[in-house]
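Structure first, commentary second.
The values are calculated or read from the model by the stated rules, or taken from the named source; none is laboratory data. Quantities reported herein were computed from a predicted structural model and do not represent experimental measurements. Note: ideal-geometry Cβ built from the backbone for every residue, glycine included; neighbour counts use all protein chains shown.
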Amino acid sequence: MTDLLRPHAVATPVERLDGPAKVTGTAPYAFDHAVPNPAYLHPLQAAVARGRVTDIDTRPAEELDGVLAVLTHRNAPRLASDEDAELAILQSDEVAFRGQFLGAVIAETPEIARQAASLVRITVDEQEHQVQLRADHRQLYVPEEVNPTFPTDTSQGDVDLAARDAAITVDERYTTAWYHNNPMEPHSTVALWQDATLTLYDSTQGAHPVRTAIAPVLGLDPEQVRVIAPHVGGGFGSKGTAHAHLILAALAARELPGHWVKFALTRQQMFSLAGYRTPTIQRVRLAADHEGRLSGIGVDAVEQTSRFKEFAEQTGIPARTMYAARNRRSTHRLAPLDVPVPSWMRAPGECPGMFGPEVAMDELATACGLDPIELRIRNEPHVDPESGKPFSSRNLIACLRDGAHRFGWDGRDPTPRGRRDGRWLVGTGVASSTYPVHYIPGSAATVRYLGEGRYRVEVSATDLGTGARTVLAQIAADALGVGVERIELGIGDTALPVATVAGGSSGTISWGSTIVEAARIFRHEYGDNPSEGDEAAGTTPENPAAERFAMRAFGAQFAEVRVHEDTGEVRVPRLLGVFAAGRIINPRTARSQLIGGMTMGLSMALHEESVLDPRFGHIVNHDFAEYHVAANADVGALDAHWIDEDDPHVNPLGAKGIGEIGIVGTAAAIVNAAYHATGVRVRELPVTLDKFLH
Amino acid sequence: MIPFDYQPAENAEGAVATVARAPEATFLGGGTNLVDHMKLGLARPSLLVDVTTLPLDRIETLPDGGVRIGAGVRNSDAAAHPTIRERYPALAEALLSGASGQLRNLATTGGNLLQRTRCVYFQDVTTPCNKREPGSGCSALGGYTRYHAILGASSDCVAVHPSDMAVAMAALDAVVQVTGPGGQRDIPVVDLHRLPGDQPHRDTVLSHGDLITAVDLPPAPASRHSRYRKVRDRASYAFALVSVAAALDIEDGDVRAARVAFGGVSHKPWRARRAEDVLVEGPPTESTFWDAAEAELSDAEPLRGNEFKVPLARNTLVSVLREIVSEQR
């Protein structure tokens, strides 16, 4: 790997380049694109969890003025591939989950489409369904691997034996709820099928990945599909993979050549059609001596997948690498259910997988009479416990100590239920955060000199609202040795050089390193005084150090929690996160991402829960009035800091991803603080007021 | 959503006559509940008569010292009105705890009273609901009940009325002014909403064509010492799990008058007369508060999944009474 980029624009708080466009409403999101000859799609959905469609009467819809087409499995074209069962819609009469697409009405206005859809009569031969995750589900099975390609089970030594022989053990069951990603912008696409080319304005975490996913399903070459995504209003993983609405819109567009078919999922539809996080049931075991030194760590996770397509959340992964212990095991078991397929959501694996273990560590600290920070310091590994490799950098202890100082942790009385402010019981808690460095190969970038000191830099990256556009311009500026204002950046379009998905906190480092490589080649070929039109291309450089080191970001989160003695209401007046994530490219957007992640963690701790009704098989609180995310009033003093971390091994930027680490550990810190406030140990999320009532 | 006609009202009597003539017509206030329901397919009016055009947007002091709030007064305006804040603080608090700033800017006094009871199954046309389709069954029984009733429910419906404002009005003895096809009449707020019984599709005692024109708040010393406390699953923009509106008039160490109502527990704002009876004519002590709560909640019948509401209602009432007393010392 070449030398680290010298920071000039990088590491400065450049304001978002697209900020004015966004706050003035002129930045076009997918559905906003003004298109000629639009048509509007409203889907038909299954109202049972399992069965077979025996009849669909579409005539009342077809007879309505303004209806252009009605699609069902009876008239929909055959797809070229049904390899991805989630995308193979309208190919049979089978209903595999409640809410599944059974068809679509396309009309001249969205109102007509919706009214017409309500007139279609669908008869389904309903079959018995199973939708409820239980730890003792009879069909639990062992997946071949867990997301994306981790081994399902790992074992070193013997955790059973370690637990039996240990002076102190924690052996508890922790559960996280069913969650939905719920980005502000719904999944939306605007599709035109003309001249054997499909064009999509899409709300996606990756224009090229979408194209790669849907082209073979539709029997097209990737070059026949163009995906354009200049602005995206959040994804949180749910726009990282292609979902079925894309195929539905594409099929509709194929039926109506020359029409731009516009399709935005409603909030309710997002609860069955855009992915979600599986609930998890985690048995966590810790074995330790009286001084808190761990001899065993075990995490056994039970989760759900859909019967028709597998997704295995990697919940046991973080415990494999977090703390030193001779005896270790982690397992994953899946229950196949008649539900939509789970998918990526806000730090898959790490987020739920750091809940159980980090609460268990707090329980162990209490059992050992140790400060929870000291307990973590005593179990700091010298090398990655899983691989035996050294860490390229690991500054968990520095984060814990810096956070303790900033938060006022020192001198904390560990006694539960020992502090009050009027009727409010007050407590504090801590937990660790971690997230792997995902440096993903496969992007390409071009640099072209435009004359007059200006450069055009192109890579089909995606800005989900995080500031990617801004930080990539900073990186390009430093890579070319010019000011940010000299950079014209092109992103979010398959007509541009290929880029990998905006997921796994991989974007900035993967695309950024690719830009650095393209700029290096450009300067190598054209020097510092290029001619107008000079152009060079680069691809993501390999990182030989990746084989030698374990690479992760770490952090520590601190929470103050208040629980009302009468009502059990839970408030979090203070949250502090301190992170070690390599070089921070833009302190302004980085802080925003970190506190955003922490807010999601707060939301997960206190509010979020997709409530399943097992009789019907769907999520019944499927709107923003009922599915609670934190409101402004729930967020108190919220702060994120980072320590200076110099990591020459991770990539040419010296940076680690920060998109997801903010949500990891937050819920555990809050639960631990709630215990400190009340003496009540909550092991099931969310931490709602009824858990403190008596 | 299906096509419908819209017309602005020119005067109250004309609006009433227009709606009364058309069985599928309805009044439109701020639209924050009705329009949602039209989108969800729960309401399918053929005609909307917009009554926000009527001159019902004033708050006036009445000769007896009470206050009249026009039915078209927006929730934000009522909450901010100095007289209401001073004389009926529980009402101002209740209004401010409801919905969001944007919704309160649109929602009207009359519309707030007439918002439908809330239940995830009522709002989902793919599940049975006796309120939406009489006789189809109640999906909430045996389902998701966290927000549902513990008092006054029936085997046909366990939904709760979601208004905060109405709970405070019920405690403050407010009276609704109604203009209907048969003329004008008064209905105390406590009598406006119904228990579900075997007719859960009827939320109120109003008939088709009845238009609320105003709400009168009577003068009462206790009202100045009134509080509203809303307990919910997040700090803002959430319906009440339990709420309490309470007012105490304490003289010479004894409670002379007590007004208590619960929200979030029933198909209607729940005036707690039994609790009031325990509270009056005695000193406001902690043990009296507990007795009052027990008296009111001894008949509570929680559902599987909302058992916590009984201790929550009890604790919240005691907590609010304690607070009112400490403020009057």
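Among the conditions (1) surrounded by fewer than 24 Cβ atoms within 10 Å (Cβ to Cβ); (2) of a type in the set (G, A, S); (3) touching a Leu at 6+ places or on another chain (Cβ under 6 Å), B:G264 misses just one, which is (1). Return the only residue of A:A253, A:A191 being part of a helix (DSSP H, G or I), over 23 Å from A:P342 (Cα atoms) and of a type in the set (A, V, I, L, M, F, W, C). Residue meeting the stated conditions: A:A253. When B:S97 is tested against (1) within 14 Å of chain A (Cβ to nearest Cβ); (2) of a type outside the set (V, I, T); (3) within 19 Å of B:H267 (Cβ to Cβ), exactly one condition is not met: (3). Residues that are within 21 Å of the chain's Cα centre (by Cα), closer than 16 Å to B:T145 by Cα and within 7 Å of chain A (Cβ to nearest Cβ) within the stretch B:304-318 comprise just one, B:L312. Of the residues making up the stretch A:601-623, one or more are at the interface with chain B (Cβ under 9 Å from one of its Cβ atoms), over 22 Å from the mean Cα position of the chain (by Cα), buried (at least 22 other Cβ atoms within 10 Å of the Cβ) and charged (D, E, K, R). Exactly one residue out of B:L195, B:L241 is in contact (Cβ under 8 Å) with a residue 40 or more places away in the chain, within 30 Å of B:R146 (Cα to Cα), hydrophobic (A, V, I, L, M, F, W, C) and not assigned by TED's automatic domain parsing to the domain that holds B:R314, and it is B:L195. Just name the residue that is nearest to A:G235 (Cα to Cα) out of those in the stretch A:443-454 that are touching a strand residue (DSSP E or B) at 6+ places or on another chain (Cβ under 8 Å) and surrounded by fewer than 24 Cβ atoms within 10 Å (Cβ to Cβ). Here the answer is A:A444.
Of the listed requirements (1) within 26 Å of B:V35 (Cα to Cα); (2) within 14 Å of another protein chain (Cβ to nearest Cβ); (3) surrounded by 21 or more Cβ atoms within 10 Å (Cβ to Cβ), A:I106 misses just one: (2). Residue count for the stretch A:47-68, restricted to those that are part of a loop (DSSP other than H, G, I, E, B) and over 7 Å from A:V124 (Cβ atoms): 8. Taking the conditions exactly as written (touching a Gly at 6+ places or on another chain (Cβ under 8 Å) and surrounded by fewer than 24 Cβ atoms within 10 Å (Cβ to Cβ)), does A:V95 satisfy them or not? So A:V95 does not fit the description; no.
Residues in the stretch B:117-143 that are in a loop (DSSP other than H, G, I, E, B) and either among the acidic types (D, E) or surrounded by fewer than 21 Cβ atoms within 10 Å (Cβ to Cβ) (or both): B:D124, B:V125, B:T126, B:P128, B:E133, B:P134, B:G135, B:S136, B:G137, B:L141, B:G142. The combined condition, being within 14 Å of chain B (Cβ to nearest Cβ), part of a loop (DSSP other than H, G, I, E, B), touching a residue at least 12 places away in the same chain (Cβ under 8 Å) and not hydroxyl-bearing (S, T, Y), is fulfilled by A:V131. When you scan the stretch A:477-577 for strands (runs of 3 or more DSSP E) that lie fully inside it, which ones turn up with 2 or more residues that are under 30 Å from B:T316 (Cα atoms) and touching a strand residue (DSSP E or B) at 6+ places or on another chain (Cβ under 8 Å)? Fully inside the stretch A:477-577 and qualifying: A:552-564. When the stretch B:215-238 is filtered for residues that are surrounded by fewer than 22 Cβ atoms within 10 Å (Cβ to Cβ), under 16 Å from the mean Cα position of the chain (by Cα) and more than 14 Å from every other protein chain (Cβ to nearest Cβ), only B:D216 remains. Being of a type outside the set (F, W, Y), out of contact with any helix residue (DSSP H, G or I) (no Cβ under 6 Å at 6 or more places or on another chain) and under 18 Å from B:P162 (Cβ atoms) is a property that does not hold for B:N315.
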